[in-house]
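The values are calculated or read from the model by the stated rules, or taken from the named source; none is laboratory data. Fair warning: this is a prediction, and the values are worked out from it, not measured in the lab. Ideal geometry is used to build each Cβ from the backbone, glycine not excepted, and the neighbour counts take in all protein chains shown. Note: areas computed on protein heavy atoms with side chains; ligands, DNA, RNA excluded. Shrake-Rupley method; radii C 1.70, N 1.55, O 1.52, S 1.80 Å.
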Amino acid sequence: MLIFTAIVFGLVGLALSLAGAWLAVLGGSLYYVLAGLGFILTAGLLFQKRGSALIVYAVLIVATLAWAIWEVGFDWWQLGPRGGIIILLGLWLLLPAVRNPLGFTSPTGQLYRPSALPLGLAVIASIIVAGYAMTQDPLDTIGSLPTEKVAAAPDLGGTVPDGDWHQYGRTPYGQRYSPLAEITPENVSKLTVAWQYQTGDVKRPDDVGETTYQVTPLKIRDTLYVCTPHNLAIALDAETGKEKWKFDANSGMNPDRQHQTCRGVSYYADPAVPAGQPCAERVYLPTADARLIALDAANGQVCTGFADKGTLHLETGMKYTPAGYYYSTSPPVIVAGKIIIGGAVNDNYSTQEQSGVIRAFDVNSGALVWNWDSGNPDVTTPLSAGQTYTTNSPNSWSVFSYDDKLNLVYIPLGNQVPDQLGMNRSEHVEKYSSSIVALDITSGAVRWVRQTVHHDLWDMDVPAQPVLLDINGTPALVGPTKQGDIYVLDRRTGEPIIPIKEIPAPTGAIPEDFTAPTQPISDLTFSPPPLTGKDMWGITMFDQLACRINFARLKYEGRYTPPSIEGSLIYPGNFGTFNWGSVAVDPERQVMFGMPTYLAFTSQLVPRDQVPPKAQDEKGSEQGLNRNDGAPYAVKMGPFLSPLGVPCQAPPWGYVAGADLRTGEIAYKHRNGTVYDMTPLPLPFKVGVPGIGGPMITKSGLAFLGAAVDNYLRAYDLTTGEQLWQARLPAGGQSTPMTYTNAAGKQFVLIVAGGHGSVGTKPGDYIIAYTLPK
């Protein structure tokens, strides 16, 4: 046992010394070299059966404890990897089978064994510190949002009945706020399942990786309308979940699609058609093969009077139309007799992809009314026959919002493909890329633009539906961004309500490109502080050391470090601090609730002559090698992970947070979610996990959120962020919940749980409604 122990300590010491020396050469911490030498010295003394081995190791434990507290304080999740193995090996040394052979025998035959006290005290001290750290959370921000109802009769947008949910964010304002109040903080813990429905659309073996359920259903009177990843449109009875009708768009499969999803359908009641007549009410279904289909809301039949026998072909006017490179994943908005739609253009596939044009069509006939192309923004009259839109111009794949009183539609705009290569971008692209744009609903003309990233090299699309509300009497827009900034703007002009400033940005782009000297940042920001070596994490000290080495090898100068051939660290990564789930606001209290997520990504440019041929079974993805056909570089991207497949940066990776939109102050930030579904064992440790999806707020002071990767729907106290209730979901809940009432006024809360391919949650096809027991 003693010799085996000595060998183990020697191997540990050798690994730490060699890897630690590499880290030290890269400019990192010297601790690992010194710890490795401590292990080697302990191993040598064990081979010699000398009791001083216990003293040396006790010194190593105490030194490690002091170093760990100096680096990270009393953060248990960061102390654990630093000391876990060392303490376990300390306990191993205290075993009689290891300790008893140590010491020496005097000339008189007296056996002198070493005292276990120094090592025992060092181990006990470490355990006490660990126990104390488990009761602390230095990264938790405790506070409360104001409860004052600033607006007694707030503008919720549109004329949606209280018990309905007519658009993706409930109303044209995208507030994700419901005036319902039957379910309260006091009774939410009593919620039970009212009904459950399965769509029958499940992830297939030949699907692309990012096959996801991101849909929020609509509820009009007694019917729910929902779409699925493979473009089924389904109508359900809102009270029972019983299927009324189902339509299959037959959009087929294509391995080049980066996304196989549908976030929702759009509803329209035609005032010119008498109620009860065919297609008097319609739902419009966007598809993965770039079509928009009009369906009769009553029975799911195609409304053949729209466009081409009921189908609008969205690739019309595109110079290039590679299959699988363009589609609409988000529901269009319908206003003033127009249906306004954008489209997703695959990131980093080619320099010859479809345009990101935004178009308005006549909602009845499908005729083109106007088109706004960010590559040709001054001409919005319908494209003439034989002309084409600007190739690869910045696109809008997310959800729009609108204010019909101002006659403005608000577009969250993405970046030009290729995202990481800024050469040869036009003046127009440089102006509109990664911005929020307000367009005139009548003509499509630009009324204002607010750019959130200059010369975007990081895929920092504006990902979220802009949220509209009045703040202190001013018509405002709240725009969450991937980099964590919350832009609070006057939605009439785009001018800031909460200040925005320009800060210096890193330089060092590849010779063919350049970086912007400054970048904007809002005074209301959830942007994290820059990473350092001490922020690297692992389940053990070994994978933590590997992460520290990889961190030191990557190019990293903080937020907006440009992509590079050697590899750059991008933090926040393009997964986004906020993404398409946006935030929810309470227009009475003028506060917001959101789910900031923190994951670092890597970005490495690959010269064209080093790009391998495309594999026959290669499928579309935003991670891994993105080929950028036609460009001088491809790009490799992905999350910054340890050798064990966990994030290299220390948790928390996900929070729930509340902010006062009148002052710009963040009231609270709490870890959100557990590792229950991230590890082989179902451990309910509240680490704060990543998530993607959106929240919903009710008038009673509740916030509901799924999204996290541990497959739960949760309810929170909006004022404090305290979790009040959770329900286990049968699949990943990476969607945005909604709420409604039945004919009797009983409130339901509903979420779609079908999983998310990119974050690896369990796939499924569930729609689940909850209500209070009778």
Compare the Cα positions of 126, 74, 2 along the charge dipole of segment 2-140 (+1 at Cβ of Lys, Arg; -1 at Cβ of Asp, Glu; about the Cα centre) and return the one farthest towards the positive end.
2
What full-extension length gain, to one decimal in nm, is calculated for residue 313 and residue 636 as 0.36 nm per residue of separation minus the Cα-Cα distance?
113.0 nm
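Report the local net charge at residue 735: Lys and Arg +1, Asp and Glu -1, summed over other residues whose C-beta lies under 13 Å from its C-beta. Walk me through the numbers before you get to the answer.
Details: positive: 176, 263; negative: 765.
That sum, taken over residues with Cβ under 13 Å, equals +1.
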In the structure shown, of 555/762; 49/534; 482/614, the pairs separated by more than 32 angstrom at the C-alpha atoms are 555/762; 49/534
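Got the relative contact order for the chain handy, in percent, Cα pairs under 8 Å and 6 or more residues apart?
Details: 2116 pairs, mean separation 101.8, N = 774.
For the chain, the relative contact order is 13 percent.
May I ask you to give the solvent-accessible area per residue for segment 562-644, in square angstrom, as obtained with a 1.4 angstrom probe? Walk me through the numbers before you get to the answer.
Numbers: 2770 Å² over 83 residues.
Per-residue value: 33 Å².
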For the chain, what is the charge dipole size about the Cα centre, in debye to the nearest 20, if Lys and Arg each add +1 at the Cβ and Asp and Glu each add -1 at the Cβ?
2000
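Just need the relative contact order of segment 390-482 here, percent rounded to a whole number, with Cα pairs under 8 Å and 6+ apart. Please list the in-between numbers first.
Working: 201 pairs, mean separation 25.9, N = 93.
That works out to 28 percent.
Loop only by DSSP, 13 or fewer other Cβ within 10 Å of the Cβ. Give me the trypsin sites (Lys or Arg not before Pro) in segment 247-317 that pass, ordered by residue number.
Values: sites: 257, 263, 282, 291, 309; in loops: 257, 263, 309.
Hits after loop and neighbour filter: 309.
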Surface share of carbon and sulfur [accessible, 1.4 angstrom probe, percent] for the chain
58
Amide hydrogen neighbours beyond the local backbone of residue 699, cut-off 5 Å, H modeled
178, 180
Check each of the trypsin sites (Lys or Arg not before Pro) in segment 607-712 and keep only those in coil by DSSP with at most 11 other C-beta atoms within 10 angstrom; list them in order.
614
What length, rounded to one decimal in nm, is gained on full extension from residue 242 through to residue 14, with 0.36 nm per residue of separation minus their alpha-carbon distance?
75.6 nm
Straight-distance crosslink candidates among lysines, where the alpha carbon sits under 25 Å from residue 405 and sequence neighbours closer than 8 are dropped:
149, 219, 338, 699
List the lysines whose alpha-carbon lies under 16 Å from that of residue 190, not counting same-chain residues fewer than 8 positions away?
746, 774
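Looking at the square roots a ≥ b ≥ c of the eigenvalues of the Cα gyration tensor of segment 426-552, which shape do they give, rounded for a/c under 1.5, prolate if a/b is larger than b/c, or oblate?
prolate
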Which of the three applies to segment 354-405, rounded, prolate or oblate, going by the alpha-carbon gyration tensor with a ≥ b ≥ c and a/c under 1.5 meaning rounded?
oblate
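Suppose only helical runs count, i.e. DSSP H with n ≥ 4. What mean residue ellipticity at 222 nm does that imply for the chain under -39500 (n - 2.57) per run, divided by all residues and rounded to the nearest 500 deg cm²/dmol? Before the final figure, lay out each step's value.
On the way: 8 runs with 121 residues, N = 774.
After summing the helix terms and dividing by the residues of the chain, the value is -5000 deg cm²/dmol.
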Round to the nearest 0.05 the FRET efficiency obtained for residue 407 and residue 140 when R0 = 41 Å and r is the Cβ-Cβ distance.
0.40
Per residue, how much accessible area does segment 195-294 show when a 1.4 Å probe rolls over the protein heavy atoms, in square angstrom?
35
Note to self: with every protein chain in place and a 1.4 Å probe, segment 381-508 gives an accessible area per residue in Å² of 30
Quick one, which of (1) 55, 37, 22; (2) 51, 30, 23; (3) 115, 91, 20 is the actual semi-axes √(5λ) of the Cα gyration tensor in Å calculated for this model?
(2)
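List the relative contact order of segment 1-156 as a percent without decimals, with contacts defined as Cα pairs under 8 Å and 6+ residues apart. Please list the in-between numbers first.
Working: 178 pairs, mean separation 34.2, N = 156.
Once normalised by length, the contact order is 22 percent.
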